[in-house]
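The values are calculated or read from the model by the stated rules, or taken from the named source; none is laboratory data. Everything numeric in this text was worked out from a predicted model, so none of it was measured. Note that we place each Cβ from the backbone using ideal geometry, even for glycine, and neighbour counts take in every protein chain shown. SASA here: full protein model, heavy atoms, side chains in, ligands and nucleic acids out. Shrake-Rupley method; radii C 1.70, N 1.55, O 1.52, S 1.80 Å.
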Amino acid sequence: MAGNRPLSPPSHAPASTESNSDVPMMKNLLYRLDVKGSPYLYIVPFFLLFAAFGIFPLAYTAWVSLHEWSLLSETHTFLGLQNYRDLFADEYFWNALRNTAQIWVLSTVPQLLMALVLAHVLNQRLRAPTFWRMTAVLPNITSVAAVAIIFGQIFGKDYGLVNWLLETLGLGRIDWQAGTASSQIAISVMIIWRWTGYNALIYLAAMQAVSKDLYDAASLDGASSFQQLTRITVPAIRPTIIFTVIVSTIGGMQVLAEPLLFGGASVTGGSDRQFQTLSLYLYEVAFSRFDFGYASTAAWAMFGIIVIVAAINYFLTSRLRRSS
């Protein structure tokens, strides 16, 4: 009988409360995974590339440095730390380290001071400021080979522009490549010319963030442009100065192209190794003697020296910043 049949629920009956509550929970879970997990996915490619082209070469170079590893032989004898003992007893290594430190001092200190002054000038109200800023960075985008050839002619012994000026002033000619001091000064001038504008633009970018009200107030108080530079600009951009000092230190310890091309593609850095840097020394051992084990040892020693010098530099500049 029809009156005794059970009634089926209507087709439009609402779903269970459990299924309804699962949807917002799933959305919340996906949102949390997206917020917390997606940043790591974005940086994973960098770390994969860094592991492949950074960490692995470092580890493999350390392994090679423990062997007698010549490209002229298929056997690689394990030597332990013998390569390191030989390196630290090698007078050519210490000569290269001394030359590198001297070139770094001669090039980095004037370069950063000139960059600071140039950035201060470019930060003033100039006509066509973009033109002057582009002009400042042009030396950095010039081919280093072209720069070395031009400066090689400028510092030439017989027909160089510098010697012509010295003779005009009643002074004698200088064989710039023959002497230790003269060759290092010539290379330092080359580095200064190439990198001063680059660092000036970094300083200029930091100066743009300094409030103009400070300069206006200083002008009303009668402060000169030099006083504004030393009393306002330098304290305000001190973190940027520390950054350029550390980066310039690392770059100065790795200088290669300038002394190599200045010496006519000579890996010894002159007849008496008077301007051979650490990078040139490493290049000579690896590609003239084909001793990759010893070259790897020199590379790791160079890496350690750069880390130590950069750490000391950072410590001193940080102390100066806190004391100021």
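Results, tabulated for the structure shown:
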item	result
Length added when fully stretched, Arg289-Leu171, from 0.36 nm per residue minus Cα-Cα	38.3 nm
Gained length - Met25 relative to Thr77, 0.36 nm times residue gap less alpha-carbon distance	12.5 nm
Cα-based reach from Lys27 at 19 Å (exclusive), listing aspartates and glutamates while leaving out same-chain residues under 8 positions away	Glu18
Alpha carbon Rg of segment 200-324, scaled by the compact-globule rule 2.2 N^0.38 Å	1.52
Rg/Rg_ref, segment 196-268, where Rg_ref = 2.2 N^0.38 Å and atoms are Cα	1.60
Reachable aspartates and glutamates, given that their alpha-carbon falls under 12 Å from the alpha-carbon of Lys157 and they are not under 8 places away in the same chain	Glu167, Asp175
Whole-number Å³ per residue for the convex hull built on Cα positions in the chain	333 Å³
Expected 222 nm ellipticity per residue - DSSP helices of 4 or more, -39500 (n - 2.57), all of the chain, to 500	-22500 deg cm²/dmol
Rounded to 10°, Cα long-axis angle of helix 91-122 versus longest principal axis of the chain	70 degrees
Shape of segment 213-252, Cα gyration tensor, a/c cut at 1.5	prolate
Length released on extending from Ile55 to Ser219, taking residue separation times 0.36 nm less the Cα-Cα span	53.8 nm
R0 of 25 Å, Cβ-Cβ distance Val137-Val105: FRET efficiency to nearest 0.05	0.55
Karplus (6.51, -1.76, 1.60) ³J(HN,Hα), θ = phi - 60°, over segment 188-203, in Hz, Gly and Pro reported as x	5, 4, 4, 5, 4, 4, 7, 10, 5, x, 4, 5, 5, 5, 5, 5
Solvent exposure, largest accessible area first (probe 1.4 Å, DNA, RNA and ligands not counted), of Thr130, Thr230, Thr249	Thr130, Thr230, Thr249
On Cα atoms only, tilt of 292-323 relative to the major axis of the chain in degrees	80 degrees
Shape metrics for segment 111-220, restricted to C-alpha atoms - Rg then Dmax, Å	18.2, 55
